[in-house]
Structures are given as structure tokens and as C-alpha cells.
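The values are calculated or read from the model by the stated rules, or taken from the named source; none is laboratory data. Just so it is clear, the model here is predicted, and its values are computed rather than measured. Every residue, glycine among them, receives a Cβ derived from its backbone with ideal geometry; neighbour counts consider all protein chains shown. Areas reflect the complete protein model, heavy atoms only, side chains present, ligands, DNA and RNA absent. Shrake-Rupley method; radii C 1.70, N 1.55, O 1.52, S 1.80 Å.
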Amino acid sequence: MKSVSNIFSRYGILLSLIFICIVLSFTTPNFFSAQNLLIVLRQVSINGILAIGVTFVIIAGGIDLSLGSVLALTGVVAASFAHPDTYPLVVPLILALLTGVVIGAINGLTITLGRVAPFIVTLGMMTIARGLALVFSNGRPVTNLSPSFNYIGGGNFLGIPVPIVLFMLVIIITIIILSNTRIGRYIYAVGGNEMAAKASGIRVNRVKLFAYIVCSMLAALAGIILASRITTGQPNAGVAYELDAIAAVVIGGTSLLGGKGSITGTVIGVLIIGVINNGLDLQNVSSYYQQIIKGVIIVGAALLDRKSNR
Amino acid sequence: MGNYLFSAENISKSFPGVKALDKVSLHVEKGKVHALMGENGAGKSTLMKIVMGMVPYDEGTLIYKGAPVRFLSVHDAIKSGFAMIHQELLPFPELTVAENIFMGREPGGILPGFISKKKLNEDARQLLKSLKLSVKETRLMKELSVAEMQMVEIAKAISNNTDIIIMDEPTSAISGREVTILFEVIRELTAKGIAVIYISHKMDEIFQIADTITVMRDGKHITTLPAKELNDEKLIQLIVGRELSSIFDKKNNMPGETLLEVKNLSGEKFSDISFVVKKGEVLGIAGLMGAGRTEIAETIYGLRRPAGGAVYIRNKRIHKPSPSVSIKNGIGLISEDRKRTGLVLTASVRHNITMASLEKWSGFLLDKRKEQKVSREQVQKFGIKTPSAEQTVNNLSGGNQQKIVLSKVLLNDPEIIIFDEPTRGIDIGAKTEIYKMITALAEQGKAIIMISSELPEVLGLSDRILVIRNGRISKELAAGEATQEIIMQYAMI
């Protein structure tokens, strides 16, 4: 009995994902096909990249509510420099990522040096970044983007949609950072016990700063992908995306108290949300009901996690 | 049995690996102040927690008003007429004095669920008046001084028809005049027939207020005597009274050059601290809990900011002390509270062991195979009892956790090692191992600062001893001239 619960606590969310897939395969025509699988992956790649970013922050014991706005702002920034025959492709990309880095640094520095609670700082940044996106675009969608820019969201690489390729790259790189580098280890230590981390000579502020920068930079990447995919820099894009990302992290077993969690868990959490959305779409369930179901899953996952960790 | 209001008979209690109480008895009389004394770790707090129903006990009986009782919760104990004034008070700061006193028992208004504020304040005023207290019942709790908050706590206890009030070091945060007021209130209480169990380390207070004194040591009842039959000297002897056991294998160290010098260091809870520690020497720092010892250690290490003064390592001034700078300069701190500053409880043994030294033997990418090898070696070397190095440290015993902290700090190979209460809450076996390690480290030429409330430990290991009282060095003693009685005198009086 103990080993069963052990297996469940370790692989519970993965088993849940597999279980959901099996049920959907039998109940929903067209669910289990290579084409639909690619659709699901492409749909989740933006939320996936955001969720991975916020995983860094949450493991380090913080939270980031500014993701959705940062995604909009960086999308607008990228689009503004991506009109045909203006700048080479690297310019919008670098500028958007740099915007992400700067915002992450402001979040991180206000939290560490200013000693303001992460919730407040990033709540403020949520509004600030949204406002900047509207100011920067005069409140209008930025359209007429170059084909090379639109390739990022709409193109294929070796037959696979580019967003999926980028999502995979992000997964691999972040897994390596979190489990195989010093800074990754420090992120867990800082989130697990900040005082002990400090007493062990870890420069806690730098570690937190790193986590917030990674998070905003990944939000910028997601912003580029979204702008390219809808061929528009949309200042109103991504409202409440941060909540979807945090939901995926929680479903993936990362503790909101910090010190515990993994990228694999987050990716599974993202897939669970994605697969269920897709299945309900295919079943023509109204999006109103989909929201209710998603909420139930989030709380249910947290309940299961409490049980298995007791 | 006589006419005791309350008796604890032969109470025993074991925690994993430690016998905290061994057949301890305590008899409390109506209207008397009964002082409970003993060193830190003697078992006073455990006994009081048992009385208050906070901790279950293994054996023995509690007899209250002639009948056996067993409290399953604090709520039970309070309902039966017990109250405890904790060392750290837990008021509701944003509520008024009256609201605090009647928290959970507010007088009802006309409609159910409403509170009659008028009656609440009136009742509180009467109560405060009966104790001759001058605190206004409508003031917010957060505006009160610590002493006033204590008074409110006492008033709250009285309002519950309390027969016995336990006070755990009530004077640790208050001073002179406030102590006088507290004593007046205690006399009011005893005049009403209430019994007071008074825990304190301060000799002068005990003799001012106590009728009876019980001394505990190492979880055992040592003696109970009327206060008039005792004096300072006798009492100190009873409190420390044990022989130095043979677990200390002390060599005469030959101190070398000065490694650490502290000049006029001041900070939170301490001021003007100066001393040196030499290569191959153990400097003991003794004093009561709360005297400022931990603050001194953490300031030297850079965990706290100094208010003034300086720290020199090998005659070089450290300008911006921080733990990472300290580690680079060869200082290691084994902290007092391993759960607060020592360990990441959610992480594995391996992660904890290597946490402080990753920069030393690993590049940006972790060499996990090497890390596994190192942590396995450390687990063996320090005799850490764990199923594997991948075990979460949360699940290990205190002694094993302490060894992990030790192993983590020593992996950096520090030259100066500060031990702050290194044996707190661990069993005698693990203690002995840690003593051996400290002695061995001094022989290897490390400079060691050893802070402890356990006097045998300080005496058994140190070459020199600093006694700290109220944040200042009250005496420096050479190993030869120090005894438990002398140290206690400088620590307390």
C-alpha cells in the first residue's frame, strides 16, 4: 500500500495525464492523431514557455503576476520593428528580449533591494507593462509584419511548427539549468530556506534576480511567438495569461511556498490543461464550461498534492 | 499529600533519543509563589508544557484540587483554571486591551452574534482596577509596552477564574521599575489565593518573590526548599551541581598566532565586544540565553549588520562582512538554530552537505558524480545515519541534522569555526561525537569559538572562557580558574 502511494506521489500527475489521454482517445474521435497532437503542442507552447519561466520564480520562493502584460508589451515592441523592409529580423527579436530582461531586472531589484513583497511588485508591473504596451502602440494593434518575422509563429522547421521547436529548446535548456548548474541548485536553496542559503554563502539577491530575469525573458519569447503567430503586435493580448501559467505550475506539483518543483512537472501540468482544452473543444463543449472544468482541475490537483505529501 | 492545590507526581517524558523528564514531582500551594529553576535544558519548559496540556507525558499523575486530571489540550487546562504567561507574548496588536482580555468570551449584545462593547469595556475596567493596573482598556494592544502587555495577559488569566498562573521568564524583556510593578501584581494575585509558578534565571528576583524553590537538572527533580533556607551560592551550586563527566578528552592546546580579532563590536543586543581567538585554541563563550551570544556570532559571520566596531581576520580588517565573504576568508558558522539558518529542510542530505561549497569544487555546471561521491564520503565520515544521501533532511533526527550542518560547514575547510549551541536538542551519544570533533579540530590548528549554555560543555572544551551578560563581556576566565559556580555568578548577578 505504501509503495502504491509512493508511486502515486512521484508519478501521479504523469499518470493523470496518461489517463486523461486514454479516456479522450476512446471518447473523442480525431483526438489521437499526429495532426491533433501537433495542434495541442502548438496551442500549449506559449503557456508552456510562460509557465516554465514562472516555475523559476516560484521555486525561488517568489511569484510573478506581470507575465501576461510583459508578453503584450514585448509583442508590441517586436512587431513595431518588424515591418517589411525596415530592420533585419534580429533587431525586433533582440529588442523584445531585452525589454523582458529589463523588466525582470526591475522586478528582481525592487523585490531584493527594495524589500517589497513579490506579489505587490509584480502586480504593479502588470499594470505598468500593460500601460507601456498601450502607450508604445498608441492603443492600436501593430500590423503589417515581415514574412520572416511571421515565420516564427507560423512556419515549420523540419515539418514541426516553430513554436513547438522553441518550446522544446526552452524545456531542455531550463531542465539543464535547474538540475545541473550551480545557479539552479541555489534557486532551490533560496526558495527552501532563505536564511540557510544566505548563511551558506549563497548571494541570495543575485539568485532571485536571475530567476525574475529568466521569467520575464521567457515571457518576452512567448510575446514574440504570439505576435508572429497572429501577425499582429496586440497591446491587449495575454490578459490573465499569468494565471494560466501559475495554474500549470501548481498542477505540476511545484510548491507555492518555494524550494520544491520541477520543469518536467510544469510541462506535464501545461499538457494536462492543453489536452483537456483540446478534448473539450473537439467535443464542442462551450468555453464557459471549459473554464469551470479548468478551475476544478487546478483545485483538485492541489488537493491530491496535499494528500500525497502528508 | 497535604493540602496542595496542584501536584505533579513522578512525571516522565521521553523524546526520541532524549529522556526529557525523569520522575519529576512538583507540589504547588494555594497563594504561594513557587520558583522553578534550572539550567537551559533542565526540563522546566517541558514540565510546564505538560501541565498546560501542550505536550503529552509518558508516566506519572497530575493531581489538581485532590483529584487526578489529564489535560488533552491547552483549552482543557485553561478551562480548569490554569494559565501560562509565555516568554514571548502573542497578543492581537490591532485590537484593544479589553478585546484582547475577553478574546473568545466576549459578552453578548442584544442580538445573537453581536458584542456589547459597553459591557466589554466595563468588565475590563473592573478587572484592571481589581489588579490596581493603570492600563486603559480602550488602548490598542500595539501601543503598550511589553510590561503592560504582560499585565494584560495576567488580567486575562484572572478573568478566567484562574487558580494557577505559570510565568515563563516574565522579566526577560522588562526592566527595573516594570519588574517592581510586576511583583506588586504577583503579590495581589497571591493575596487572592492564586498560586504562581515562576520560572526565571535571575537570582535576585527569585529571592524577592519566591516562597518555595524547586531546582531541576538534566530532567530530574533535585530539591524543593523554602526560599528562606537558600542563598545565592547554595542555589547556584544546586543548579549546576554536577561533576564534569569523562566525555571530555581535553588536551592542553598550544595557541599559535591570532586568527580572528574582534574590536569594540556592537550590534543588536550587544555592545563593545572585544576579543581575540588564536590558532589551535578553543574560546568558550558562556552566558544565559538571550544575553546576546548568538547575535555576536551572527554579526561576526556577517548574517547581521554591526552597529559599530570591526572584525579582523589575520590582521586584515573585513570591510563589508557577509556570509559569502566570511566563507572566503575561512570562517565557518555552525548556527544555533539549524532549522532557521542551518538547513534547507525540503532538500536532500546531499544538497545540504554540498550547498555551501559548490563554488569551491564545481564550475557553473555541476559535476554530479563528484558531488555524490563527496556527499557519500561525508555521510560516512560524520556517521550521519540516513537511508541514503538522497533522503530529505526533514525526516532525520536532530543529532543527524546537526552532523549535516557540521559536515556542510567543514567541507569549506574553514580556519575559524564558530559553534553556536552545537549540542542543543541532541542526545548524549551525538553530543560526545561533536565534542570529539571540536577537540580534534583545535588540535589540527583551527581557531574555535564555542558558544554554549551548558556549562560542563564550555568548561570541558575551552582554553579560555568569556562570560557574557546583557550584551557585554562581564568576565574573561582562563580554563584553570573557571568553575561552574564562578561562571554562573558572572552570567547572572
The lone condition residue A:260 fails out of (1) open to solvent by 30 Å² or more (accessible area, probe 1.4 Å); (2) under 22 Å from residue A:165 (Cα atoms) is (2)
Restricting attention to the range A:191-209, the residues that are among the polar types (S, T, N, Q), touching a residue at least 60 places away in the same chain (Cβ under 8 Å) and facing another protein chain (nearest Cβ under 9 Å) number exactly 1
In the set B:466, B:441, B:477, the lone residue that is more than 21 Å from residue B:332 (Cβ to Cβ) and either touching a Lys or Arg at 6+ places or on another chain (Cβ under 8 Å) or open to solvent by less than 50 Å² (accessible area, probe 1.4 Å) (or both) is B:477
Scanning the range B:173-229 residue by residue, those among the aromatic types (Phe, Trp, Tyr) and open to solvent by less than 50 Å² (accessible area, probe 1.4 Å) turn out to be B:183, B:198
Screening B:157, B:98 for residues that are small (Gly, Ala, Ser), free of Cβ contacts under 8 Å to residues at least 60 places away in the same chain and part of a helix (DSSP H, G or I) leaves only B:98
message: Condition first: more than 28 Å from residue A:41 (Cα to Cα), open to solvent by 20 Å² or more (accessible area, probe 1.4 Å) and either touching a residue at least 40 places away in the same chain (Cβ under 8 Å) or within 14 Å of chain B (Cβ to nearest Cβ) (or both). Can you find one or more residues in the range A:173-185 that meet it?
response: yes
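Yes or no, residue by residue, for (1) more than 30 Å from the chain's Cα centre (by Cα); (2) farther than 30 Å from residue B:213 by Cα; (3) surrounded by fewer than 21 Cβ atoms within 10 Å (Cβ to Cβ):
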| site | (1), (2), (3) |
| --- | --- |
| B:124 | yes, yes, no |
| B:138 | yes, yes, yes |
| B:144 | no, yes, yes |
| B:161 | yes, no, yes |
Just one listed residue, out of A:227, A:245, A:237, is of a type in the set (Gly, Ala, Ser) and in contact with a strand residue (DSSP E or B) (Cβ under 8 Å, 6 or more places away or on another chain), and it is A:227
With the first residue restricted to the range B:263-283 and required to be under 18 Å from residue B:319 (Cα atoms) and in contact (Cβ under 8 Å) with a residue 12 or more places away in the chain, and the second required to be open to solvent by 40 Å² or more (accessible area, probe 1.4 Å) and not in a strand (DSSP E or B), Cβ contacts under 9 Å at 6 or more apart or on different chains are B:265/B:306; B:265/B:307; B:266/B:306; B:266/B:307; B:267/B:304; B:267/B:305; B:267/B:306; B:267/B:307
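One line per residue, one yes/no per condition, for (1) open to solvent by 10 Å² or more (accessible area, probe 1.4 Å); (2) in a helix (DSSP H, G or I):
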position	(1), (2)
A:71	no, yes
A:83	yes, no
A:88	yes, no
A:92	no, yes
A:96	no, yes
A:99	yes, yes
A:104	no, yes
A:107	no, yes
A:111	yes, yes
Inside the range B:466-493, the number of residues satisfying the requirement of being within 21 Å of residue B:257 (Cβ to Cβ) and of a type in the set (A, V, I, L, M, F, W, C) is 3
Per the filter on the range A:271-303, residues closer than 19 Å to residue A:30 by Cβ, of a type outside the set (Val, Ile, Thr) and in contact (Cβ under 8 Å) with a residue 12 or more places away in the chain are A:271, A:274, A:277, A:278, A:279, A:280, A:282, A:283, A:290
Of B:309, B:399, B:332, the only residue that is open to solvent by less than 60 Å² (accessible area, probe 1.4 Å) and either without any contact (Cβ under 8 Å) to a residue 24 or more places away in the chain or in a helix (DSSP H, G or I) (or both) is B:399
Filtering the range B:333-360 down to residues that are at the interface with another protein chain (Cβ under 7 Å from one of its Cβ atoms), touching a strand residue (DSSP E or B) at 6+ places or on another chain (Cβ under 6 Å) and at pLDDT 90 or above yields B:333
Of (1) in contact with a Leu (Cβ under 7 Å, 6 or more places away or on another chain); (2) at pLDDT 90 or above; (3) within 19 Å of residue B:458 (Cα to Cα), residue B:404 satisfies every one except (3)
Checked against (1) surrounded by 18 or more Cβ atoms within 10 Å (Cβ to Cβ); (2) within 11 Å of chain A (Cβ to nearest Cβ); (3) not in a strand (DSSP E or B), residue B:296 satisfies every condition except (2)
Residue pairs within 7 Å by beta carbon, gap of at least six or interchain, first lying in the range A:28-44 and open to solvent by less than 80 Å² (accessible area, probe 1.4 Å), second modelled with pLDDT under 85, listed first then second, are A:36/A:30
Checked the range B:304-318 for anything touching a helix residue (DSSP H, G or I) at 6+ places or on another chain (Cβ under 6 Å) and of a type in the set (Val, Ile, Thr); matches are B:311
Of A:212, A:188, the only residue that is within 21 Å of the chain's Cα centre (by Cα), away from chain B (no Cβ under 14 Å) and of a type in the set (Ser, Thr, Tyr) is A:212
Any hit, the range A:223-235, residues being more than 14 Å from chain B (Cβ to nearest Cβ), within 13 Å of the chain's Cα centre (by Cα) and among the hydroxyl-bearing types (Ser, Thr, Tyr):
no
Flagged in the range B:52-77 as of a type in the set (A, V, I, L, M, F, W, C), more than 25 Å from the chain's Cα centre (by Cα) and under 15 Å from residue B:5 (Cα atoms), in numbering order, are B:62, B:63, B:67, B:69
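Yes/no matrix, rows are residues, columns are (1) in contact with a Ser or Thr (Cβ under 6 Å, 6 or more places away or on another chain); (2) surrounded by 24 or more Cβ atoms within 10 Å (Cβ to Cβ); (3) outside any helix (DSSP H, G or I):
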| position | (1), (2), (3) |
| --- | --- |
| A:195 | yes, no, no |
| A:198 | no, no, no |
| A:206 | no, no, no |
| A:210 | no, no, no |
| A:216 | no, yes, no |
| A:220 | yes, yes, no |
| A:231 | no, no, yes |
| A:245 | no, yes, no |
| A:249 | yes, yes, no |
Note: among B:63, B:110, just one is out of contact with any Cys (no Cβ under 6 Å at 6 or more places or on another chain) and either assigned to a strand (DSSP E or B) or open to solvent by less than 50 Å² (accessible area, probe 1.4 Å) (or both), namely B:63
